[in-house]
Amino acid sequence: MRAASIVGGKGGWAVSVRFGQAERVLAGKDGAPRRFTRLDTAARQLLDLGLVSFEVHGADYEEAPARSARPDRSTAMKAAHSYGAWLKREVEETQAAIGRGDMPVLSEAEMEARWAVKRAERELRRREAGA
């Protein structure tokens, strides 16, 4: 690796690395050039790669437009957090009940036998309703 640079462009910063005569731009998973909205984030990427010396070219830099708010994502994330908190409480309450002996722990065979009875009862009710 000969040199590295952070190049400003429309909407952010790109990282460019030179290997011999070839120059490559750091790309994301989709193959498109990786854009950093902040210069310090691009610098951190190079430092994490072990490059402690690099150039910064900011002549063509244009700040990225502010991202619009996504209230739908906010609502979805709040719902996911709420569900996660509920699920955690349920698991903790179940573990406590098992620890106190208030809730039996059944083997797989015992559970299968219980479900077989429930399925048979449901099938019987279905047949009686159809008769």
When ALA97 is run through (1) on the phi > 0 side of the Ramachandran plot; (2) assigned to a helix (DSSP H, G or I), the failure sits at (1)
Please enumerate the residues belonging to segment 102-112 that are among the aliphatic types (A, V, I, L, M), assigned to a loop (DSSP other than H, G, I, E, B) and loosely packed, with under 10 Cβ neighbours inside 10 Å. VAL105
Can you name the residue in segment 7-39 that is touching a residue at least 40 places away in the same chain (Cβ under 8 Å) and assigned to a strand (DSSP E or B) and is also surrounded by the fewest Cβ atoms within 10 Å (Cβ to Cβ) among such residues? LYS10
Considering only residues that are modelled with pLDDT under 90 and of a type in the set (S, T, N, Q), look in segment 17-47 and name the one that is farthest from ALA3 (Cα to Cα). THR37
Number of the exception - ARG34 against (1) on the phi > 0 side of the Ramachandran plot; (2) touching a strand residue (DSSP E or B) at 6+ places or on another chain (Cβ under 7 Å): (1)
Counting only residues in segment 61-101 that are among the acidic types (Asp, Glu) and surrounded by 10 or more Cβ atoms within 10 Å (Cβ to Cβ), the one farthest from ARG35 (Cα to Cα) is identified as GLU93
Count, please, the residues in segment 48-60 that happen to be surrounded by 12 or more Cβ atoms within 10 Å (Cβ to Cβ) and at pLDDT 90 or above. 3
Just to be sure, is GLY58 touching a Gly at 6+ places or on another chain (Cβ under 9 Å) and of a type outside the set (Asp, Glu)? yes
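The values are calculated or read from the model by the stated rules, or taken from the named source; none is laboratory data. Everything quoted here is computed from the prediction, not taken from an experiment. For neighbour counting, all protein chains shown are included, and Cβ atoms are generated from backbone atoms with ideal geometry for every residue, glycine included.
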